[in-house]
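See structure below.
The values are calculated or read from the model by the stated rules, or taken from the named source; none is laboratory data. Owing to the predicted nature of the structure, the values given are computational and were not obtained by experimental measurement. Neighbour counts are summed over all protein chains in view; Cβ atoms, including those assigned to glycine, are modelled from backbone coordinates with ideal geometry. Surface areas here come from the heavy atoms of the whole protein model, side chains and all, with no ligands, DNA or RNA. Shrake-Rupley method; radii C 1.70, N 1.55, O 1.52, S 1.80 Å.
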Amino acid sequence: MLTEVIAILLALIYLQFGIVAGILRFNFMAWGAALAPYAMMQVLYMINDERKLILWLSLALIMSLIAQVHLLSTVYIACTFVPFAIYALVKTSAKKQMIIDFFKALGTTLVLTANV
């Protein structure tokens, strides 16, 4: 229980400083940083779940949302995904399904961010 409270307080502190600074200076990097934990949840799913490695729809939606808000944050987060994806690809026995799900997420993201 105590660790959940600490995690929530740290998350609030993390989100508070960037968003306030972003609003005051019209800097959308703060909004990209605010959405980054949701994107990083996909990494946890990728590493921890043996059956369904990539939740392609949720990955595509969060990456599309981040791309609409701040494009450089999308590049940072995508680069952060690479080592974890390689680890998950080596670890899994369903390599073909993981690659197919990756391309589904990539295609959906490209369609949703066509205006960027």
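Quick notes
- With respect to being at pLDDT below 85 and either open to solvent by less than 30 Å² (accessible area, probe 1.4 Å) or aliphatic (A, V, I, L, M) (or both), Val20 fits the description.
- Those helices (runs of 4 or more DSSP H) lying entirely in the range 31-116 with at least 2 residues without any contact (Cβ under 8 Å) to a residue 12 or more places away in the chain and out of contact with any Cys (no Cβ under 6 Å at 6 or more places or on another chain): 71-91, 95-112
- Output for the range 70-91, where each listed residue is surrounded by 17 or more Cβ atoms within 10 Å (Cβ to Cβ) and among the β-branched types (Val, Ile, Thr): Thr74, Ile77
- For the range 36-46, the count of residues that are under 25 Å from Ala11 (Cβ atoms), in contact with a Lys or Arg (Cβ under 8 Å, 6 or more places away or on another chain) and modelled with pLDDT under 90 is nonzero.
- Residue among Leu53, Leu61 that is under 15 Å from the mean Cα position of the chain (by Cα) and more than 17 Å from Pro37 (Cβ to Cβ): Leu53
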